[in-house]
Amino acid sequence: MISLRQRIVWASLLGSAALASSGAFAQAPAAPTTSAAPSAAVVQADGPASKAQHKRMDPAQRMERMQEHRAKRLAALKEKLKLTAAQESAWTTFASASQPPAGARPQRMDRAEFAKLTTPERLERMQARQAERSARFAKRAEATKTFYGALTPEQQKTFDAETVHAGMHGHRGHHGHGGADGQHSAPAKS
């Protein structure tokens with residue numbers, strides 16, 4: 001019997017082959033003709049190999065790369081909004097609230113150590129982490145609302161259009177974890 005994981009792998013491979021043969025990638029930019037470092041080529045590639053490489057990347061490198069990406073997105077948003085001098089302080093507050101806390105993500109507890117805890121202790125740890133995340137989200141949400149209020153109606157439309165995907169996928173980019181309406185679907189039965 002073929003496992004669900006094997007079916008997913010085969011479906012992904014077949015879908016990729018179908019897309020590649022149909023010319024769906026014709027709009028993708030051409031690869032640079034200059035020779036680049038091997039790591040740069042892997043970083044620019046899309047697909048399962050680059051995702052696997054990304055997961056093996058040093059956490060400090062990954063954090064640096066995410067911060068660079070976030071800075072580029074914020075700079076592009078600021079440019080599109082065409083802020084006035086009076087809006088700069090609101091932007092600064094918004095941008096700083098959008099940054100992750102100083103110091104990298106808190107280290108996850110070792111699985112073996114986590115398994116040694118009693119169920120109530122594990123629940124307390126998870127609840128404490130959830131409370132920390134909720135507090136950071138509340139801070140970002142309040143800063144965003146304040147900044148949004150400082151924008152003109154035209155800037156608000158631009159902001160809405162540019163940030164619509166951030167709310168749908170979250171800051172971690174969990175793509176594909178739900179149907180068109182965002183609901184999780186049940187796995188297919190064989």
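Could you identify the single residue in Ala150, Ala90 that is of a type in the set (Gly, Ala, Ser), more than 26 Å from the chain's Cα centre (by Cα) and surrounded by 13 or more Cβ atoms within 10 Å (Cβ to Cβ)?
Ala150
Kindly indicate whether Ala143 is loosely packed, with under 11 Cβ neighbours inside 10 Å, under 24 Å from the mean Cα position of the chain (by Cα) and either modelled with pLDDT of 90 or more or in a helix (DSSP H, G or I) (or both).
Spelling it out, it is not the case that Ala143 is loosely packed, with under 11 Cβ neighbours inside 10 Å, under 24 Å from the mean Cα position of the chain (by Cα) and either modelled with pLDDT of 90 or more or in a helix (DSSP H, G or I) (or both).
From Gln130, Gln107, grab the single residue that is at pLDDT 90 or above, on the phi < 0 side of the Ramachandran plot, open to solvent by 90 Å² or more (accessible area, probe 1.4 Å) and polar (S, T, N, Q). Step through it out loud before you land on a result.
Values: Gln107 fails: at pLDDT 90 or above.
Result of the check over Gln130, Gln107: Gln130.
The values are calculated or read from the model by the stated rules, or taken from the named source; none is laboratory data. What you are looking at is a predicted structure, and each value in this text was computed from that prediction instead of being measured. Here the Cβ is made from the backbone with ideal geometry for all residues, glycine too, and neighbour counts use every protein chain on show. Accessible surface areas use protein heavy atoms only, side chains included; no ligands, DNA or RNA. Shrake-Rupley method; radii C 1.70, N 1.55, O 1.52, S 1.80 Å.
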